[in-house]
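First, the structure itself, so that you have it in front of you.
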Amino acid sequence: MERRIPMILDCDPGIDDAVAILLAAAAPEIELLAVTAAAGNVGLEHTSRNARRVLALAGRQVPVYAGASRPMFGPQVTADAVHGADGLLGLPVPEPAFPLSQGTAWDAILQASKRYPGELVLVVTGPMTDLGIALAKDPSLAGRLAGVVAMGGASDFGNDTPAAEFNILADPEAAELVLRSGVRIAMCGLDVTHKAYFTREDIRRLEALGTPQARFAAAVIESGVDIHRRYGVEGSPMHDPCALLYALRPDLFTQVHCWAGVECKGRLTRGRTVIDAYSDAKRTPNCHWVTGVDRAAFVEETIRLLARYGGQGE
Ligand code: RIB
Ligand code: CA
């Protein structure tokens, strides 16, 4: 096997974050150094506990660090209407099997970047607050990371507001700081995550694996089918697993190298990601904006990884 990818998953579990954690913990190609949890979908108390609950479900003891309890500057927003008051829809998930690790998420990211200079991949599936704080503490982090894959943004319609996708709206200033930092970053916005969906037939296949992990993932994914009809999506988009799988299998995706920035001031547009693909402004590209995915291959790869919990996947 090729050298494993040293990875930290920074998240706000959150039901789709939970599936991303299960995938990262299952993938033999990933050396999951830590999971860091910030406030986002629900408060930090829940996200830092949920990260450890999902790892207990995975049967893995990976260090979990608590991150930011609120955004760097603006008002706090949450998404408990989608994720439930506890962040995991009240689903039957084990209690944490171990305590939080000492120290902050941002210091864990900085220390790992020094242990794995040029190799560490950071996947961010919640607000970018922890990465923003790490870069504010030590701007040289941008050059030490092999790359960042973030779930966030949308080049057209928002989901939390008409203009903004939730993760960016939850901390626009942090996202703008990250995009200006020079870090190598791929942005998996709604442009691609709305194409990375599970149909009810895919969900039945996942459920048929029969393991506690697969049943949990199927229940989480099922919860997204109906609420996403209004987006015109034919199933349940897996936002955060999309970012994780981009880090693992970028060959399944298409992207454009372009400039992206975040509107932090607009009364109607705060949190909007503005993408310069071909305007006269000719802004210098600062990210790979992921635009498409081979949906069938995405579903197969997700099922393959989750099947590993029952010793079924290769
Ligand atoms: O807009 C989707 C994103 O917001 C996902 O990361 C989901 O977990 C929520 O945080
Ligand atoms: Ca998330």
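The values are calculated or read from the model by the stated rules, or taken from the named source; none is laboratory data. Remember, it's a predicted structure, so these values are computed and weren't measured experimentally. Positions of Cβ are generated from backbone atoms using ideal geometry, with glycine treated the same way; all protein chains shown enter the neighbour counts.
What is the one condition in (1) at pLDDT 95 or above; (2) out of contact with any Pro (no Cβ under 9 Å at 6 or more places or on another chain); (3) of a type in the set (V, I, T) that V77 does not satisfy?
(2)
Here is a further query. Please identify the pairs in which a residue from the range 150-175 that is free of Cβ contacts under 8 Å to residues at least 40 places away in the same chain has its Cβ atom under 6 Å from the Cβ atom of a residue that is surrounded by fewer than 24 Cβ atoms within 10 Å (Cβ to Cβ) and of a type in the set (D, E, K, R), counting only partners at least 6 apart or on another chain.
Pairs found: none.
Let me ask something additional. Could you list, ordered by first residue, the pairs with Cβ atoms under 6 Å in which the first is in the range 193-210 and more than 15 Å from M238 (Cα to Cα) and the second is small (G, A, S), at least 6 apart or interchain?
E207/A218; L209/A307; L209/G310
Suppose we filter D156, D130 for residues that are surrounded by fewer than 18 Cβ atoms within 10 Å (Cβ to Cβ) and either acidic (D, E) or in contact with a Cys (Cβ under 7 Å, 6 or more places away or on another chain) (or both); which single one remains?
Residue meeting the stated conditions: D156.
Say whether the condition of being under 24 Å from E222 (Cβ atoms), in contact with a Phe, Trp or Tyr (Cβ under 7 Å, 6 or more places away or on another chain) and either touching a residue at least 60 places away in the same chain (Cβ under 8 Å) or within 13 Å of ligand 2 (Cβ to nearest atom) (or both) is met by at least one residue in the range 63-85.
Looking for residues that are under 24 Å from E222 (Cβ atoms), in contact with a Phe, Trp or Tyr (Cβ under 7 Å, 6 or more places away or on another chain) and either touching a residue at least 60 places away in the same chain (Cβ under 8 Å) or within 13 Å of ligand 2 (Cβ to nearest atom) (or both), one finds at least one in the range 63-85, hence yes.
Inside the range 279-309, can you point out the residues that are touching a helix residue (DSSP H, G or I) at 6+ places or on another chain (Cβ under 8 Å), of a type in the set (D, E) and part of a loop (DSSP other than H, G, I, E, B)?
Hit for the range 279-309 is D294, nothing else.
Moving on. Please go through the range 107-157 and pick out each residue that is polar (S, T, N, Q) and farther than 26 Å from Q76 by Cβ.
Hits for the range 107-157 are Q111, S113, S140.
Also, quick follow-up: How many residues does the range 13-36 contain that are within 16 Å of ligand 1 (Cβ to nearest atom), touching a residue at least 40 places away in the same chain (Cβ under 8 Å) and more than 18 Å from S223 (Cα to Cα)?
Qualifying residue count, the range 13-36: 3.
Return the residue satisfying two criteria in turn: it lies in the range 1-52 and is among the β-branched types (V, I, T) and buried (at least 24 other Cβ atoms within 10 Å of the Cβ), and of such residues it is farthest from ligand 2 (Cβ to nearest atom).
Checking each candidate, the answer is I8.
Could you tell me whether R230 is without any contact (Cβ under 8 Å) to a residue 40 or more places away in the chain and assigned to a helix (DSSP H, G or I)?
Taking the combined requirement at face value, the residue satisfies it.
Quick check on the range 168-184: of everything there that is away from ligand 1 (no atom under 14 Å from the Cβ) and of a type in the set (D, E, K, R), which residue is nearest to V42 (Cα to Cα)?
Ranking the qualifying residues of the range 168-184, first place goes to E173.
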